[in-house]
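Asks: Sharing a structure below in structure tokens format, with a few things to ask.
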Amino acid sequence: MTTTRREVVKGLALMPALGLMPALGMRPARAAEVDARLARATLAIHAAGGPQRLEVELAETPAQRRRGLMERDHLGAEAGMLFLYDGLQPPDSGFWMYRTRIPLDIAFIDAAGRIAAIHTMTPCDSDDPGQCRAYPAGVAYRAALEVNAGYFADRDIGIGDCVSWPGAAASCVAES
């Protein structure tokens, strides 16, 4: 699961209630059903080699951020998930890979729209979320972008490159 530890702890409190859903004639939403409800956007990463465009799903609510890309077996080559926050997130806040099957790169994006940190995250196959490694940002961030592992390196995208998407408050341009 790709989310902050704080959000996961809140989400774990709901797990006993989820066990009652079948008895009440309810079922949890399947990953495909949840994914279909996410808003989508095209973003651009302005790097030295020119702009790279990605089709991203937007994780805008705490529930969407908790779910992230977990339980998916595939992510398109030019696809990703953009995690959006209302305020600046602290450097010790980060992500982990509980129930996430795809190796991912994550770029933490600052308030100006620039990539401030990049990490590669490996799947965690443990049934115990406490056994999954955390990937703290190490920098304050306003958004985070997850893509397939190797995406940033393959396209020479790095720290300081600009990320823009519809409705973004910051509108940076590539540095010359």
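Asks: Which numbered condition in (1) out of contact with any Asp or Glu (no Cβ under 8 Å at 6 or more places or on another chain); (2) of a type in the set (Gly, Ala, Ser); (3) part of a strand (DSSP E or B) is the only one that residue 116 fails?
Replies: Here residue 116 meets the rest and fails (1).
Asks: Which pairs have Cβ atoms under 7 Å, sit 6 or more apart or on different chains, and link a residue in region 147-165 that is of a type in the set (Ser, Thr, Tyr) to one that is open to solvent by 60 Å² or more (accessible area, probe 1.4 Å)?
Replies: 164/171
Asks: Given the criterion among the small types (Gly, Ala, Ser) and touching a strand residue (DSSP E or B) at 6+ places or on another chain (Cβ under 7 Å), identify the matching residue among 153, 149, 168.
Replies: On the way: 153 fails: touching a strand residue (DSSP E or B) at 6+ places or on another chain (Cβ under 7 Å); 168 fails: touching a strand residue (DSSP E or B) at 6+ places or on another chain (Cβ under 7 Å).
Going through 153, 149, 168 in turn, the sole match is 149.
Asks: Filter region 132-176 down to the residues that are basic (Lys, Arg) and modelled with pLDDT of 95 or more, then identify the one that is farthest from the chain's Cα centre (by Cα). It would help to see each step written out before you state the result.
Replies: Quick first cut of region 132-176, residues basic (Lys, Arg) only: 133, 142, 155.
Pick out the ones that are also modelled with pLDDT of 95 or more and you get 142, 155.
On the way: 142: 12, 155: 19 Å.
Selected residue: 155.
Asks: For residue 67, state whether it is open to solvent by less than 50 Å² (accessible area, probe 1.4 Å), of a type in the set (Lys, Arg), under 23 Å from residue 159 (Cβ atoms) and out of contact with any Leu (no Cβ under 6 Å at 6 or more places or on another chain). Write out each step before concluding.
Replies: Numbers: open to solvent by less than 50 Å² (accessible area, probe 1.4 Å): yes; of a type in the set (Lys, Arg): yes; under 23 Å from residue 159 (Cβ atoms): no; out of contact with any Leu (no Cβ under 6 Å at 6 or more places or on another chain): yes.
So residue 67 does not fit the description; no.
Asks: Limited to region 52-86, what total is found for residues that are in a strand (DSSP E or B) and without any contact (Cβ under 8 Å) to a residue 24 or more places away in the chain?
Replies: Pass one, region 52-86, residues in a strand (DSSP E or B): 52-59, 79-86.
Then drop every residue that is not without any contact (Cβ under 8 Å) to a residue 24 or more places away in the chain, which leaves 86.
Here the count works out to 1.
Asks: Let me ask something else. Would you mind stating whether residue 125 is modelled with pLDDT of 95 or more and charged (D, E, K, R)? Before the answer, list the steps.
Replies: Numbers: modelled with pLDDT of 95 or more: no; charged (D, E, K, R): yes.
Considered against the rule, which asks whether it is modelled with pLDDT of 95 or more and charged (D, E, K, R), residue 125 comes out as no.
Asks: Going by the structure shown, is residue 57 touching a helix residue (DSSP H, G or I) at 6+ places or on another chain (Cβ under 8 Å), open to solvent by less than 80 Å² (accessible area, probe 1.4 Å), closer than 24 Å to residue 149 by Cα and modelled with pLDDT under 95?
Replies: So residue 57 does not fit the description; no.
Asks: Whether any residue in region 124-136 is assigned to a strand (DSSP E or B), open to solvent by 20 Å² or more (accessible area, probe 1.4 Å), under 22 Å from residue 72 (Cβ atoms) and aliphatic (A, V, I, L, M) is what I want to check. Show your work before the answer.
Replies: Our first condition is that a residue be assigned to a strand (DSSP E or B); within region 124-136, this holds for 124, 134-136.
From what is left, the residues that are open to solvent by 20 Å² or more (accessible area, probe 1.4 Å) are 124, 134, 136.
Pick out the ones that are also under 22 Å from residue 72 (Cβ atoms) and you get 124, 134.
Remaining after also requiring aliphatic (A, V, I, L, M): 134.
So far as region 124-136 goes, yes, one or more of its residues are assigned to a strand (DSSP E or B), open to solvent by 20 Å² or more (accessible area, probe 1.4 Å), under 22 Å from residue 72 (Cβ atoms) and aliphatic (A, V, I, L, M).
The values are calculated or read from the model by the stated rules, or taken from the named source; none is laboratory data. Small disclaimer: the values here were computed from a predicted structure and weren't measured. Here Cβ is always computed from backbone atoms with ideal geometry, including for glycine, and neighbour counts include all displayed protein chains. Accessible surface areas use protein heavy atoms only, side chains included; no ligands, DNA or RNA. Shrake-Rupley method; radii C 1.70, N 1.55, O 1.52, S 1.80 Å.
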